[in-house]
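The values are calculated or read from the model by the stated rules, or taken from the named source; none is laboratory data. Computed from a predicted structure; not experimentally measured. Positions of Cβ are backbone-derived with ideal geometry, glycine not excepted, and every protein chain shown enters the neighbour counts. Side chains are part of the model used for accessible areas, which takes the heavy atoms of the whole protein and leaves out ligands, DNA and RNA. Shrake-Rupley method; radii C 1.70, N 1.55, O 1.52, S 1.80 Å.
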Amino acid sequence: MAIIMIPNIIYAVKQKDNMALESHNKMIIIAEQIGRYGCFVLMIFNIPYTYFNFWFANSLAVYLSVNGALCLTYLIFWIVCWNKNGKLKALTLSIIPSIIFLFDGIVLANIPLIVCAVIFAVSHIYISCKNFF
């Protein structure tokens, strides 16, 4: 998670004045934050009886490989699209973290993480579309 947070933190520090969201739907913004922080917390801490761990052979290798590839793709898009705004940047930088959270929830059979990932994905992609389209 730290890997995909680094460019976001740098961007937030450098673009303080441009951080205002055009989307004024408070419920969507709240849902996004609940989903985001829920995913962060649930990827670190497990709630007993809702987390079933890896459920197929070689799942740790798949988990690490897919997460590594998605994080690398995310960082590459941040670098390539650093000074650009547009549909490609908006969608890519909102879809990739959504996929990471959802994939992790599914591979770990972590039901609360899956729920938070779906809430995050829907609201984050919606906000990105509203802000950049």
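Within the stretch 57-82, restricting attention to residues that are over 20 Å from Met5 (Cβ atoms) and open to solvent by 50 Å² or more (accessible area, probe 1.4 Å), which residue is modelled with the highest pLDDT?
Our first condition is that a residue be over 20 Å from Met5 (Cβ atoms); within the stretch 57-82, this holds for 57-62, 65.
Imposing the further condition that a residue be open to solvent by 50 Å² or more (accessible area, probe 1.4 Å) reduces the set to 57-58, 60-62, 65.
Working: Ala57: 86, Asn58: 89, Leu60: 90, Ala61: 93, Val62: 93, Ser65: 96.
Selected residue: Ser65.
Pairs meeting the criteria (first residue in the stretch 42-71 and closer than 17 Å to Phe101 by Cβ and in contact (Cβ under 8 Å) with a residue 40 or more places away in the chain, second residue surrounded by 14 or more Cβ atoms within 10 Å (Cβ to Cβ) and among the acidic types (Asp, Glu), beta carbons under 7 Å, at least 6 apart or on different chains) are Met43/Asp104. Applying the criterion of being closer than 27 Å to Leu60 by Cα and polar (S, T, N, Q) to the residues of the stretch 90-133, the residue that is surrounded by the fewest Cβ atoms within 10 Å (Cβ to Cβ) is Thr92. Quick check on the stretch 42-51: of everything there that is under 13 Å from Asp104 (Cβ atoms) and surrounded by 10 or more Cβ atoms within 10 Å (Cβ to Cβ), which residue is modelled with the highest pLDDT? Among those residues, the one meeting the criterion is Leu42. Annotation: of all residues in the stretch 17-32 being more than 17 Å from Phe132 (Cα to Cα) and open to solvent by 60 Å² or more (accessible area, probe 1.4 Å), the one that is modelled with the lowest pLDDT is Lys26. Check the stretch 32-40 and report whether any residue there is within 16 Å of Met5 (Cα to Cα) and in contact with a Lys or Arg (Cβ under 8 Å, 6 or more places away or on another chain). The answer is no, given that none of the residues of the stretch 32-40 is within 16 Å of Met5 (Cα to Cα) and in contact with a Lys or Arg (Cβ under 8 Å, 6 or more places away or on another chain).
Does Ser59 satisfy the criteria of being out of contact with any Phe, Trp or Tyr (no Cβ under 6 Å at 6 or more places or on another chain), farther than 19 Å from Ile9 by Cα and among the small types (Gly, Ala, Ser)? Please lay out each step first, then the result.
On the way: out of contact with any Phe, Trp or Tyr (no Cβ under 6 Å at 6 or more places or on another chain): yes; farther than 19 Å from Ile9 by Cα: yes; among the small types (Gly, Ala, Ser): yes.
Against the criterion (out of contact with any Phe, Trp or Tyr (no Cβ under 6 Å at 6 or more places or on another chain), farther than 19 Å from Ile9 by Cα and among the small types (Gly, Ala, Ser)), Ser59 qualifies.
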